[in-house]
Structure formats: C-alpha cells, structure tokens
Amino acid sequence: GISQLRFKPAYNPYTEPSMEVFSYHEGLKKWVEVGNSGVFRPELLLPMGLPENVSVIAWGLSLER
C-alpha cells in the first residue's frame, strides 16, 4: 500500500553513499522514514577478510521509528 516515496541523501557513519527513504502517511498527514540504505565503507570490510574490490550494500527498514 505504499504509493508515495521520496529518497534523500543521508549521512551514516558506516556507509557512503547513504540514502533515506520516506513515505507519505495518510493517517498522520506527514512524511515518515521507512528505510535507510548505503554501501559499506571499504575500511569496514577489510577486517572481515573481504577483498578490497568487493562492495557490500546495507539496507534496513525503519519500523522502530
């Protein structure tokens, strides 16, 4: 039932670039954040043993908000 979405660049300490996703909530009559995403920064992946040329996408729902 989500029909209206907005995407906004955001800052997250572990991902770059990062993005927030908002949806218009008819009951509240306002935009609410429904998700967040980004690409993990390479220096966070190296301790895990992943090669430098690997990209890892992070995403999550903001249901707790």
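Would you pull out the residues with amide H under 5 Å of Trp31's amide H, same chain only if 5 or more places away, H placed 1.01 Å from N?
Excluding prolines and chain starts, which carry no amide H, the hits are His25.
Quick one: accessible area per residue over the chain, 1.4 Å probe, rounded to a whole number of Å²?
79
Where does the chain land at 222 nm, in deg cm²/dmol rounded to the nearest 500, when only DSSP H runs of n ≥ 4 count, each adding -39500 (n - 2.57), divided by all residues?
-1000 deg cm²/dmol
Translational diffusion coefficient, Stokes-Einstein: compute it for the range 5-60 using the Kirkwood radius over C-alpha pairs as Rh, at 20 °C and 1.002 mPa s, and state it as an integer in µm² s⁻¹.
171
The values are calculated or read from the model by the stated rules, or taken from the named source; none is laboratory data. All of these numbers come straight from a predicted model, not from anything done at the bench. Quick note on the areas: whole protein, heavy atoms, side chains included, nothing else; ligands and nucleic acids left out. Shrake-Rupley method; radii C 1.70, N 1.55, O 1.52, S 1.80 Å.
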